[in-house]
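Encoded as structure tokens, the structure appears first; notes follow it.
The values are calculated or read from the model by the stated rules, or taken from the named source; none is laboratory data. These numbers were taken from a predicted model, which means no experiment stands behind them. Every residue, glycine as well, gets a Cβ built from its backbone with ideal geometry; the counts of neighbours run over all protein chains shown. With ligands, DNA and RNA removed, areas are computed over all heavy atoms of the protein, side chains included. Shrake-Rupley method; radii C 1.70, N 1.55, O 1.52, S 1.80 Å.
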Amino acid sequence: MPVNAKEIEILLNRNNLCAEKNNVNDYHDTCSSPDSGISKSRPSSGSVTPITFSIGDHSESDDEGDSEDSGLVMKTENAETQTMLENLKISQKEEMDGRWTGPPRPLEECINLLHSDVGVKQLSDEEVINLVNAKHIPAYQLEKAVQDLERGVAIRRKLSCMQKDIKGATPDIPYKNYDYTMVQGACCENVIGYIPIPVGIAGPLKMDGKLHYVPMATTEGCLVASTNRGCRAFMQTGVRTRVVHEGMSRAPVVRFPSAMRAAEAMLWLGESENFEEVKQSFDASSRFARLIKIHPRIAGRYLFIRFVAKTGDAMGMNMISKGTEVALQVLQNHFHDMEILALSGNVCTDKKPSAINWLEGRGKSVVSEAIVPANIVENVLKTTTAALVELNIAKNLVGSAAAGSIGGFNAHAANIVTAIYIACGQDPAQNVCSSNCMTIMEPSGEDGRDLFISCTMPSIECGTIGGGTILPPQAACLEMLGVKGANADNPGENARTFARIVSAAVLAGELSLMSALAAGHLVKSHLKHNRSATLLSAIALEQQAANLKITSESIQEPQSRSSKTSSEKVVQSIKSKLTPVSSSTILKPENTLNTKGEAIKRSPSSKSSPVITTMEFLSVPDCKQT
Ligand code: ADP
């Protein structure tokens, strides 16, 4: 519709009038509805306003109604005026994708556009920011307001940059070309971009006769290489795994008027017909949730009712929470004086260390094992079964017991679990219990030189559907493992296979790191028994270099980058000093240890002899904190 000069003049006058009123700070008295609840201190339109939003402050939603109300004046203008405003705007602006590129227009005009059908896309970023600051758009709903996910993220970044504390931080956080459709309303709020994490691959991992390539997202150097070495050691004989128990848990806390009454409820739940009644309601809440058992724990008047259920291929927290709510209603029908304090009473136990998960299991309980032939222990892992078994007892069993550990009878299960979890869209916070693991090593074979290794992991909380598994890159990692999504034929089978892969990968990680540590020990004992003073000091230097590497990579503080660099310089300089030392002089084949840890003589031509070259030793891929 054409706009004539007179109409433009009228509209401009009206805008000027409002702008003038803004200048005297009485615009809202005049223009907003009396009950809008918006104070006079609202920033005036047309000016760049101070940033007042706060990230994650959902209290803004309380203002939502106000926002709509405060647009009333312009909204109640007749349709013709609105159309003229639109046309006026179009005639005045330079267009870029239909978006205003001129100086920000008065707030009331922007409000009008915001509430019109077509206008919101025509607002400039600055105008949208003004609307956020004036609480007409909740900051957490930017994407919805501008009807463009990436633009919403971009505007929130601009807003964030204006916050003094995070100024300058966002440019290095990427945000473009990311599929936010799956994130919105499901995975993250107040999005300002995404954090790219390198993904490495370990494998092939031979597990139960199949080969798997395991994706690991990590920033910890050597982790993937180390796990990969463990996989290599298993190639000959493979890893065997079994899920021995399955059941996600949720334990609400309820309270009764007395401890006696709580005890009564607890005993009631123990009766099989009562369990059946609860189970019927619980199971009806989902196609996949199947209640297995109820484990109540009493503490005075409090009762913690641990519902344990199968959840198909989902990790299951959402699903089981729904079932638990329904089950509590059933219980409340019988115990009217029961007070539900919270759906989670921490006996679940989710994302906190707890003995209950270690003892009872949570998610999938998996055991894995492998036999590593002596020649692999010696040639690939550069150690001996005897040294490994001894170290495993000292470190993973005695050491962890001495530390009072719960579920921490391992070298670094959490490293592998977390890297796989991040790559595969699991909840990384669930590494707390999922990393519970006991690593056992024993001599095996006729002469005891082969190694038997097993990992027992009672609480692998994982799923292949729901949560972060819906994001395309994470789903792709699950796809690599052949466990993406729901298993249509046998619900739950994908999640079980995934848990077995996690356990087998942990086994590989345990083997490799323990071998690296044992190899250091081996060199020391070698030194003690056989070496000349010259070689002794050369090897001591080498050990020092390896230790330095360990130290530099163990430091997690911000300055680690610089300290690592300097440590690496030292390592480099020591390496150059060591160059003349030949590999064969460091560990000669004839000085191999037997399974009792005694030096044994072998012919120099022996093929299964351990040879550690200088460079190999320095680059043992297990120099990490454990
Ligand atoms: P979680 O409980 O792990 O948070 P959700 O409940 O959010 O997971 O996601 C699982 C969803 O997937 C549920 O709606 C469930 O009905 C659906 N679903 C489809 N197939 C399966 C399956 N094989 N196993 C589990 N859930 C499935």
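For the reader, a short list of remarks on this structure follows.
- Among the residues of segment 116-162, the ones that are open to solvent by 50 Å² or more (accessible area, probe 1.4 Å) and free of Cβ contacts under 8 Å to residues at least 12 places away in the same chain come to 2 in all.
- Yes/no for residue 501 being in a helix (DSSP H, G or I), away from the ligand (no atom under 16 Å from the Cβ), under 18 Å from residue 234 (Cβ atoms) and open to solvent by less than 40 Å² (accessible area, probe 1.4 Å): yes
- Every pair of residues 6+ apart whose Cβ atoms lie under 7 Å, when the first sits in segment 484-495 and is under 10 Å from residue 314 (Cα atoms) and assigned to a loop (DSSP other than H, G, I, E, B) while the second is open to solvent by 20 Å² or more (accessible area, probe 1.4 Å) and within 6 Å of the ligand (Cβ to nearest atom): 485/465; 486/465; 491/288
- Taken over segment 266-325, the criterion of being open to solvent by less than 70 Å² (accessible area, probe 1.4 Å), among the polar types (S, T, N, Q) and either away from the ligand (no atom under 16 Å from the Cβ) or assigned to a loop (DSSP other than H, G, I, E, B) (or both) is satisfied by 274, 281, 285, 286, 311.
- Exactly one residue out of 475, 429 is within 16 Å of the ligand (Cβ to nearest atom) and more than 24 Å from residue 361 (Cα to Cα): that is 475.
- Members of segment 459-472 found to be open to solvent by 60 Å² or more (accessible area, probe 1.4 Å), more than 8 Å from the ligand (Cβ to nearest atom) and among the aliphatic types (A, V, I, L, M), listed by number: 470
- Among the residues of segment 462-477, not a single one is farther than 30 Å from residue 346 by Cα and touching a Phe, Trp or Tyr at 6+ places or on another chain (Cβ under 6 Å).
- Among residues of segment 422-440 being in contact with a strand residue (DSSP E or B) (Cβ under 6 Å, 6 or more places away or on another chain) and surrounded by fewer than 24 Cβ atoms within 10 Å (Cβ to Cβ), the one that is nearest to residue 483 (Cα to Cα) is 422.
- One residue stands out among those in segment 242-259 that are open to solvent by 20 Å² or more (accessible area, probe 1.4 Å) and more than 16 Å from the ligand (Cβ to nearest atom): the one that is nearest to residue 331 (Cα to Cα), which is 255.
- The residue list 406, 440 contains one member that is touching a helix residue (DSSP H, G or I) at 6+ places or on another chain (Cβ under 8 Å), more than 16 Å from the ligand (Cβ to nearest atom) and over 27 Å from residue 381 (Cβ atoms), which is 406.
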